[in-house]
1. What residues of the range 38-76 lie in the reach of a label at SER152, counting those whose backbone N is under 20 Å from a point 7 Å from the Cα along Cα→Cβ?
2. Between LYS63 and CYS42, what FRET efficiency follows from the Cβ-Cβ distance if R0 is 35 Å, with the result rounded to 0.05?
3. As an exercise, use a Förster radius of 22 Å and the Cβ-Cβ distance of PHE84 and GLU7 to find the FRET efficiency, rounded to the nearest 0.05.
4. Based on the alpha-carbon set only, what is the convex hull volume of the range 1-148 divided per residue, in Å³?
5. In terms of the Cα gyration tensor, with a ≥ b ≥ c the square roots of its eigenvalues, is the range 33-108 rounded because a/c is under 1.5, prolate because a/b exceeds b/c, or oblate?
6. What residue among GLY75, THR100, SER44 has its Cα farthest toward the positive end of the dipole of the range 1-106, where the charges are +1 on Lys, Arg and -1 on Asp, Glu, each on the Cβ?
7. What full-extension length gain, to one decimal in nm, is calculated for VAL32 and LYS164 as 0.36 nm per residue of separation minus the Cα-Cα distance?
8. What distance in nm separates the two pseudo spin-label positions at ASP143 and ASP51, each 7 Å out from Cα along the beta-carbon direction?
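The values are calculated or read from the model by the stated rules, or taken from the named source; none is laboratory data. A quick note: this is a predicted structure, and the numbers were derived from the prediction, not measured. Glycine also receives a Cβ, built like all others from the backbone with ideal geometry; neighbour counts cover every protein chain displayed. These accessible areas exclude ligands, DNA and RNA; they are computed on the full protein's heavy atoms, side chains included. Shrake-Rupley method; radii C 1.70, N 1.55, O 1.52, S 1.80 Å.
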Amino acid sequence: MLAYLLENQLISRQQFGLLSKCSTCTQLLDCVNDWTLSIRNCHSVDVIYFDFTKAFYSVSHPKLIHKLQAYGFCGRLLCVLSDFLCDRTQRVVLPNGTSTLRSVISGVPQGSVLGPILFLIYINDIVHLFSNSDVSTKLFADDIKIYLELTSDADYSTLQKSIKYRARLLDICTHFGDRRTNRWTRLLRKAALAVASSGLITLESRGFHPASLSV
């Protein structure tokens with residue numbers, strides 16, 4: 001499955017997690033190169049981090065199966081993958097007894113070979129939310145990093161509008177704080193994931209004085 005996805009370039013190049021020859025170091029090298037060029041040009045860069053809570057447990061089975069079909073998986077293989085995900089049960093086993101069985105209605109089985117691949121497919125197209133703007137997106141499994149070179153005050157508006165617009169496409173309800181203005185904005189989103197934490201880092205040179213950004 002992974003060979004098919006990589007050979008057909010179906011996995012985003014911005015994904016650095018759960019893949020061979022990719023790591024936090026390779027992602028950081030890619031980002032630092034972009035940031036260094038911006039700072040060398042006396043421009044500022046805003047970097048925003050999002051960390052999804054219980055992302056591997058929150059994968060919607062119907063949505064994942066739909067995505068598998070969209071990526072070209074069909075026939076008996078799709079049936080096997082569907083059986084692997086659906087109709088699973090779990091229970092807690094203690095020395096003095098066991099709990100009742102409960103159905104597992106979401107998530108990919110962790111500790112399995114297929115689990116990471118299925119999660120990559122599920123989260124893969126999130127980078128397309130920013131494909132029509134100058135905002136750069138980097139992924140490491142379920143951790144998302146977006147950043148934008150700020151050459152003028154107008155770029156702050158561009159970044160803010162970009163985040164708020166994409167926020168409407170995700171089923172997320174969280175608060176994101178701007179460390180410069182200490183203002184908080186509630187972002188409503190439409191995906192089956194929730195943000196556990198977020199953060200903002202500003203990289204700037206001495207020759208640029210950033211304006212206030214309200215995200």
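1. Within reach of a label on SER152: 38-46.
2. Details: r = 44 Å, r/R0 = 1.26.
Result of the calculation: an efficiency of 0.20.
3. Working: r = 22 Å, r/R0 = 1.02.
Working from the Cβ atoms, E equals 0.45.
4. Numbers: hull volume 21.4 nm³, N = 148.
Here the figure is 145 Å³ per residue.
5. Numbers: a/c = 4.83, a/b = 1.79, b/c = 2.71.
Oblate, since a/c reaches 1.5 and b/c is not below a/b.
6. Final value for the positive-end residue is THR100.
7. On the way: separation 132, 0.36 × 132 = 47.52 nm, distance 2.57 nm.
Full-extension gain reported as 45.0 nm.
8. It works out to 0.8 nm between the two label points.
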